[in-house]
């Protein structure tokens, strides 16, 4: 007789905090172009905020690998696994791509208003929706991933080295080098540029499924601070393809793992202890974690509502006033995105954000 899923593995609330933290960093990335950045301290601060926030998607990738092995989903029948995983990745991408094509054409103007412009935008993954294309590939890769602690550890080391090498090659090899033309424009969509993060997560999942090591968080916070300082101080302007290390390409900077990996550990360990002592905070984190995919999908267009209202009064002002506007912008966007996601989940469209339908009941809105 099979045991209920809840009895197989303990729920790690620290990982919910990692998911929410990474989600907030995504909102920061899509909001930090609003503050004034004409030069000097304004430009330096907000470009630094944007670069450090690029730890967000790598943290999602580590989390994906970790949860797949921790929950032992290799025991599922392949068709069940694919139905569950693709229902939270490829299906939302297919449904929301037309929506964000319209948004890109008429609201954000990031899509050129011609057939070639639309096709190019789709090939680039569709704005922030490209992550859904990436994680679909990682789910496929997981089907051939080793399961033993020794194999996952060895593969994690090898994959991190391979990933770093690919990122260095993309950045420093001439644009005409083999495959680099494709890597420069589309590299962030290919799983092998993220395989080190995924492999590390898979190895951690196997470890945690067997035992729960008691690590302090402070060494990881120190390491994350050092990684951030190094990332911000590295001058890559002389790299052959430095222009491709900006925007989405910044996710593939070779030094980013030095920030991402310790930050993942620091947030997970610290949050596990803090949330255990604060039930209300735990409830908020669990709720946001549950609806995180929907919040991720819908938030970008919603940012423009508070962004345009706050631009004149707060955002387009010099520091430190722009910081106030920025915090309000991120918080408001999060609230709007959560509300819209919760409304979607209350309808048959819930499947488009990877969740079953949940009717809204008085006194239980968003309860995890």
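Computed from the coordinates by the stated procedures, all read-outs in this text should not be read as laboratory data. If you're wondering where the values come from, they're calculated on a predicted model, not measured in any experiment. Don't worry about glycine lacking a Cβ; one is built from the backbone with ideal geometry, like all the others, and counts go over all protein chains shown.
Taking a ≥ b ≥ c as the square roots of the eigenvalues of the alpha-carbon gyration tensor, region 175-270 is classed oblate because a/c is 1.5 or more while a/b is no larger than b/c.
Calculate, for residue 276 and residue 116, the FRET efficiency according to 1/(1 + (r/R0)^6) with r their C-beta to C-beta distance and R0 45 Å; round to the nearest 0.05. Please list the in-between numbers first.
Numbers: r = 54 Å, r/R0 = 1.19.
With R0 = 45 Å, the Cβ-Cβ based efficiency is 0.25.
Calculated [222 nm] ellipticity per residue, helices only, for the chain: -20500 deg cm²/dmol; basis is -39500 (n - 2.57) per DSSP H run with n ≥ 4, divided by all residues, nearest 500.
One entry in (i) 0.98; (ii) 1.04; (iii) 1.12 is Cα Rg over 2.2 N^0.38 Å calculated from the shown coordinates; its label is (i). Highest mean packing comes first when the peptides 22-28, 114-120, 96-102 are listed by Cβ atoms within 10 Å, giving 22-28, 96-102, 114-120.
Computed on the Cα trace of region 237-306, the radius of gyration divided by the Kirkwood hydrodynamic radius gives Rg/Rh = 1.12.
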